Amino acid sequence: MFEFRILSSDPSSNARCGIFSTPHGDFTTPCFMPCGTKGAVKTLTPDELKTLNCEILLSNTYHLMLRPGGDFLKSVGGLHKWMAWDRPILTDSGGFQVFSLATLRKITDEGVTFQSHIDGSTHHLTPEKSIELQEQIGADIIMAFDECPPGGCDYDYAEKSMKRTHDWAKRSLKAKKRTDQALFGIIQGGIYKDLRTESAKFISDLNLPGIAIGGVAVGEPKPYMQEVLETTCPLLPKDRPRYLMGIGEPSDIVMAVSQGIDMFDCVLPTRLARHGSFWTHETGRETITASKYTSGTKPIEENCNCYTCKNFVTSYLRHLIIEKEILGHRLLTIHNLHFLLNLMGEIKEAIGKNEFQKVFKKYALIQ
RNA sequence: GGGCCGGUAGCGUAGCCUGGUUCAUCGCGCGUCCUUGUCACGGACGAGAUCGCGGGUUCGAAUCCCGUCCGGCCCG
């Protein structure tokens, strides 16, 4: 049911192009998964996502647990039906919220106690509970419950949280009942090579249909991400997709693909859009509120095929963002997602034609 | 002709009565930067007024007094 086939490989790097099959259809890799944290990619409809060639979405267990709740989602037939998205979905386990909502929680080997960021109510999340919720939500790919320590944490804590993550991965696997969902394990270990090595081997040995690398871009110095990938990727089974969690800067994506990563997710394109920023191939990351766009009469990118660039000029987009018009958020979100999903398309095409290095260079400096 | 209210950065305002660590508040706007498994259409920083104008009182005035200009309103 969860076949992963490698379609082509790049001879000049570890990049590969593949296809992963799920109950809601196939998606091709390397892929980028827009974040639909609370059951929606902020500001866009499912149809618009399809127009952007989005093949798979990410959603989030922690947020859906608080509202509307797992029981409810199960009662309405699962998230796909509820949000009217019939393509694959991956749910994060809530592990990242253990990190990002750090002031509101307490972690033990048993699990995590959270204060809801919504109303302060107390919630408990364990590997078993996370898997149960993810089965109620019904995503095609579900994630093991992990602990994502801060990037700057010391060796002892990185080791402790890695071991806890390993234990939780085993418990996640054991708790899993449904057979129509693929459980991915998560590698941790901070910035420490021996821990990453140990974690890569441990998670690989669980023989899961996919493997994720977590705990990067969480505050550690930038060069460590590539180092982690160089340490980790060679140890992973080649016939399983590798998912680098939370990564979305174009330069990071091409770097990670060259190391053999197949899947990405990131809030960057959608969040940047809502904060008035966007990417261009020429100049990288830009801010639409910059005064130079006050009377701009050209689109963000003249030769971009997205709906936004086909129809609107920068002065209008700037106006919308400054006026806090929702349409501004939508239009920049469309452009940014188009930019990233188009990048993934270029990568896939290039790998098939042995031209990956060209794409690598094109995006190497875009953050 | 008489009376009242108001005149502080691009805009809207606080302070004025009880004059001095407020030579100036806050919001919007403006500018720059930040943003990587989304708490966050969010966050940080910055530029910008000498307080309508003139004079007086005082050691010291946006703050009190006089005059004057501008805007609005009211009564003749």
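Which of the residue pairs A:106/A:324; A:292/A:348; A:74/A:170 have a Cα-Cα distance greater than 30 Å in the structure shown?
Over 30 Å apart, Cα to Cα: A:106/A:324; A:292/A:348.
Just add up the charged neighbours of residue A:214: K/R +1, D/E -1, any other residue whose Cβ is under 12 Å from the Cβ of residue A:214.
Neighbour charge sum, excluding residue A:214 itself: -2.
What is the percent of Cα-Cα separations in region A:88-236 that go past 26 Å?
So the pairs more than 26 Å apart make up 22 percent of the total in region A:88-236.
With axes computed from alpha carbons, what is the tilt in degrees of helix A:250-259 against the longest principal axis of chain A, rounded to the nearest 10 within 0 to 90?
Long axis of A:250-259 versus the principal axis of chain A: about 50 degrees.
Report the trypsin sites (Lys or Arg not before Pro) located in region A:94-194 that are in a DSSP loop and have at most 15 other Cβ atoms inside 10 Å of their Cβ, or state none.
Hits after loop and neighbour filter: A:177, A:178.
Which ³J(HN,Hα) values in Hz, rounded to whole numbers, follow from the phi angles of region A:133-138 under the Karplus curve 6.51 cos²θ - 1.76 cosθ + 1.60, where θ = phi - 60° and Gly and Pro get x?
Calculated HN-Hα couplings, in order: 5, 5, 6, 5, 5, x Hz.
Taking +1 at the Cβ of each Lys and Arg and -1 at the Cβ of each Asp and Glu, which of A:192, A:255, A:207 sits farthest along the dipole of region A:161-287 towards its positive end, judged by Cα position relative to the Cα centre?
Of A:192, A:255, A:207, it is A:207.
What do you get for Rg/Rh of chain A when both radii come from the Cα atoms and Rh is the Kirkwood radius?
In chain A, Rg relative to Rh is 0.96.
Taking the Cα centre of region A:68-175 as the origin, how large is its charge dipole in debye, to the nearest 20, when only Lys and Arg (+1) and Asp and Glu (-1) carry charge on their Cβ atoms?
Charge dipole, region A:68-175, about its Cα centre: 140 debye, nearest 20.
Which residue, chosen from A:183, A:148, A:37, occupies the Cα position most advanced towards the positive end of the dipole of chain A, where the dipole is computed from +1 (Lys, Arg) and -1 (Asp, Glu) charges on Cβ about the Cα centre?
Comparing the listed Cα positions along the dipole, A:37 ranks first.
So if I place +1 on the C-beta of Lys and Arg and -1 on the C-beta of Asp and Glu, and nothing else carries charge, what would the dipole magnitude of region A:1-123 be about its Cα centre? I want it in debye, nearest 20.
180
With angles folded into 0 to 90 degrees, how steeply does helix A:223-232 sit against the dominant principal axis of chain A? Use alpha carbons for both and round to 10.
Roughly 50 degrees between the two axes.
Please flag any cysteine in chain A that has no other cysteine's Cβ under 4.7 angstrom from its own Cβ.
A:17, A:31, A:35, A:54, A:148, A:153, A:233, A:266, A:306
Would you work out which of A:75, A:56, A:327 lies farthest towards the positive end of the dipole of chain A? Charges go on Cβ: Lys and Arg +1, Asp and Glu -1.
After comparing all options, I get A:327.
No value in this document is a laboratory result; all are computed from the given coordinates. It should be emphasised that the depicted structure is a prediction, and the values quoted were computed from it without experimental measurement. Glycine gets a Cβ as well: all are built from the backbone with ideal geometry, and neighbour counts include every protein chain shown.
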